[in-house]
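A.B. asks: Sharing a structure below in structure tokens format, with a few things to ask.
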């Protein structure tokens, strides 16, 4: 972790150290309830009494919540300092109730961050989506200054009694019992039965404010807040791994990588075409169009799209991990503890990208300004990349009459004469599009003019614009 994030991490570490102490304090108080016995209607009625929740438990819960919430503001301040805005009092980690509120007010709180860091935070969707924990943390931090956050929640599950003389005593549980006090007995025994000590299955101190944390035990929900905040701070490091040296933009470096990929895919298309393998050539030509759309989106949206690409990758990892843990047999040969680690990874990613959904490729092509490219992509998907009826048909040797299927063919024999040049034509178009977008992004006018000249020649060879 970079040194400027250590303060944010320290706020989380402090919270982690306090939670076991809070748990012990709650446990000590929960074990201190007492039993009152009264003779009513010929039976012994048992009432449970407990002292009010000690004020220090509420204070400690609020302090832990505040430290976790503060870690996110320290993260925002550190990112602003990286962008030359150290010490600004206008920077906060934004948490809003709705996306509209975030766009109206929240984005202004991170305007002093770099575009890349703003894009990462925006991709985290810091408003009330997903499991709502981020919004709950924010609201509880505000409310802790004005009212008590926690309340007592006793549980009768596992209820039992301990006769003082060791005898056996039958009791009748009262399903109407809900809370401590003298209003409702928790159970009854025969009037002549020995006195007993009532044991509850649990006495929990729970969050008492509306939101995603409502009703959850404080010692359960606080670690959830910790995991979420730590994931956000950890997720901020996603871009750091792509950070090039000097003043070169991350966007440009990723775009150059896409150019390299395009050139490799294009060369693969040529190699397959030379062998007459039209299906394989088409699958690689389709990759060229994917690259063109990604470069176009980078050109138009910059760091925002780059952050989306990275979040999409995390989304894919989460999907694969969920698939693995859904069926136990899939992990039968995995190392011990693999399921637990995968579930932890799923939870971590869920906290990093709450509510994230990957964009449809057709919509992405529109954002890149390449709607026409999607048509070529779709054709190549049907004819080559996917085992569709259209792509499978090429492997049949058709006949007539009583023998409509005369045989099968494969490889270089599974194509029509005009398919190879058409596939190379489409791959060329996609590669030229990538090169043109790259020149525009890098403001290389000389190379842009040369690429446009090649594009013009390509269009003329096709009788106009392809």
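A.B. asks: Take residue 259 and decide whether it is over 30 Å from residue 136 (Cα atoms), in the same structural domain as residue 435 (by TED's automatic domain parsing) and buried (at least 21 other Cβ atoms within 10 Å of the Cβ).
C.D. replies: no
A.B. asks: Got at least one residue in the stretch 283-304 being surrounded by 18 or more Cβ atoms within 10 Å (Cβ to Cβ), in contact with a helix residue (DSSP H, G or I) (Cβ under 8 Å, 6 or more places away or on another chain) and at pLDDT below 85?
C.D. replies: yes
A.B. asks: Let me ask something else. Residues to consider are 328, 354; find the one that is assigned by TED's automatic domain parsing to the domain that holds residue 442, farther than 30 Å from residue 440 by Cα and out of contact with any strand residue (DSSP E or B) (no Cβ under 9 Å at 6 or more places or on another chain).
C.D. replies: 354
A.B. asks: Also, I was wondering about something else. Count, please, the residues in the stretch 345-365 that happen to be farther than 13 Å from residue 289 by Cα and part of a helix (DSSP H, G or I).
C.D. replies: Here the count works out to 9.
A.B. asks: For the stretch 169-178, check the following and say yes or no: at least one residue is part of a strand (DSSP E or B), surrounded by fewer than 17 Cβ atoms within 10 Å (Cβ to Cβ) and either at pLDDT 85 or above or under 34 Å from the mean Cα position of the chain (by Cα) (or both).
C.D. replies: yes
A.B. asks: Being more than 32 Å from the chain's Cα centre (by Cα), assigned by TED's automatic domain parsing to the domain that holds residue 257 and without any contact (Cβ under 8 Å) to a residue 12 or more places away in the chain is the requirement here; does residue 372 meet it?
C.D. replies: No, not satisfied.
The values are calculated or read from the model by the stated rules, or taken from the named source; none is laboratory data. Because the structure is a prediction, the values reported are computed rather than measured. Virtual Cβ from ideal backbone geometry, glycine too; neighbours counted across all protein chains shown.
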